[in-house]
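To start, the structure under review is shown below, and the notes come after it.
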Amino acid sequence: MNSLTESKSQVAATPMVYYQCFLAIAAILVFFTKLDIYLQNRGFILPLHWMIGFLFVSFPLFLSLVYRLDSLSKPVIIASLAYITLSLISIIIQPQLPKLQYLEDQYRTIIFLWLMLAIFAYHPLVAKCTKLTALGVTLLNVVLFIYEFLNPMAFYVEQIAPGRSSGFYADSNTAGTSLIIGMILTLDLIKPKYRLFYALFVFIGVASTFSRGAIVCWFIAVGFLLLRSAIPRYQLPLLGIFLVTLIIILSTQLRNLAYLQNAQGDKLLRDDTLARIEFILDPTAQRDDSKASRITHLEDAWQKFANRPFVGNGLGAGENNATVSQTGIAQRSHNTYLDFMVEFGFLGAFVFPAVLFASIYHAAGKFRQQAIAFLLLFMTNGLFSHTLMSEFCSLVSYAMMTNLARHSSESASEPVFKPDNFLYQNSEI
């Protein structure tokens, strides 16, 4: 019988492999949880310093990978090189050089992605550590988000909209999406009969963020997994009962939600959060200022693209200069595809999908369904966010998926099911 760590082409678990597992676990705990951003907000280490630290401690791993270069993901490396090439062409053909900060941001993204590819480079034991750590983080985050919903200042971070959980992520949209990513990557560790309960448990955490984009992505991911039987279809009525009950509670108690208070007498839900609930129940609602603001940014970005659809406007052009805040940060289109199209022209629309397809390129067996759900999640989320090719949290996800997809293609074909264990181990994952 083959376990999660066994594959057709066995690779010895040397001390260096155990060190790689340590680095992989540390990378998930620091970057996938956005603990680096949380500590930055508390006045501690900057995310860039974390990256430099990981580069330094990963040097022995780099040396060992020279002898197993085939464990690195060539498709992702090629996709990222194409991204750099497109950027260089853009710099050459634009009349003015972009600001140095934009170049630094782009190359930091590539360096970090390659660093994570090295840390998560394929080995069966690394794949096992990756999945178990991601499962632990996902379950813990759901608990933390629920706790934060009941205690809005639990993480001692000043929130723009108290009542929307975000944990260490600071941003509620990223927090909700990360839960779904964790669910997709680890679904095959759960027995089939418990998978819908796992997904619904994750939904509770997602719902506490009140992120419309994350909620939509959850439905898309779970709907696809049900369609392809990764989650048993016979559990579909249970999902229907859950959703109908939820809609009834929200629609009948919406007015009462405004009066919910915690033990200190503070309101749990603010106007922004209540407006989001109204939007979910009635997308035609006009109360949501956030929706109107995003439409304005989209219109501004589309006009820039329409003005120069072939050569783009250059690095940094995605920023709306009319919205520069006191901290010097300008708003963007909240759309990854449009953001790249503004900067690089119509070819920019292929940058993000290329990285995603490259990360799931090796997916095989039953894990292919999870890989496609991962693809659908990010392809959809790209319509709601413009940071998916710059934030470390997302880049770590691509590296994790790359390793797990490779593991699925290397694994044996016979599944292993241990009735006495809650974890479902499948050799095709």
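General observations
- Output for the range 329-363, where each listed residue is open to solvent by less than 30 Å² (accessible area, probe 1.4 Å), assigned to a loop (DSSP other than H, G, I, E, B) and of a type outside the set (Gly, Ala, Ser): ASN335, ILE360
- Each residue in the range 299-311 was checked for being of a type outside the set (S, T, N, Q), part of a helix (DSSP H, G or I) and either crowded, with 16+ Cβ neighbours inside 10 Å or at pLDDT 85 or above (or both), and 6 pass.
- Only residues that are open to solvent by 10 Å² or more (accessible area, probe 1.4 Å) and touching a residue at least 24 places away in the same chain (Cβ under 8 Å) were counted in the range 178-202, giving 7.
- Pairs where the first residue, in the range 88-107, is open to solvent by 100 Å² or more (accessible area, probe 1.4 Å) and the second is assigned to a helix (DSSP H, G or I), C-beta under 8 Å, 6+ apart: LEU97/ILE91
- Selection count, the range 108-128, where residues are within 18 Å of ILE184 (Cα to Cα) and surrounded by fewer than 23 Cβ atoms within 10 Å (Cβ to Cβ): 1
- Within the range 221-250, being aromatic (Phe, Trp, Tyr) and either modelled with pLDDT under 95 or open to solvent by 90 Å² or more (accessible area, probe 1.4 Å) (or both) holds for TYR234, PHE242.
The values are calculated or read from the model by the stated rules, or taken from the named source; none is laboratory data. It should be emphasised that the depicted structure is a prediction, and the values quoted were computed from it without experimental measurement. We place every Cβ from the backbone using ideal geometry, glycine too, and count neighbours over all the protein chains shown. Surface accessibility is based on the protein's heavy atoms, side chains included, excluding ligands, DNA and RNA. Shrake-Rupley method; radii C 1.70, N 1.55, O 1.52, S 1.80 Å.
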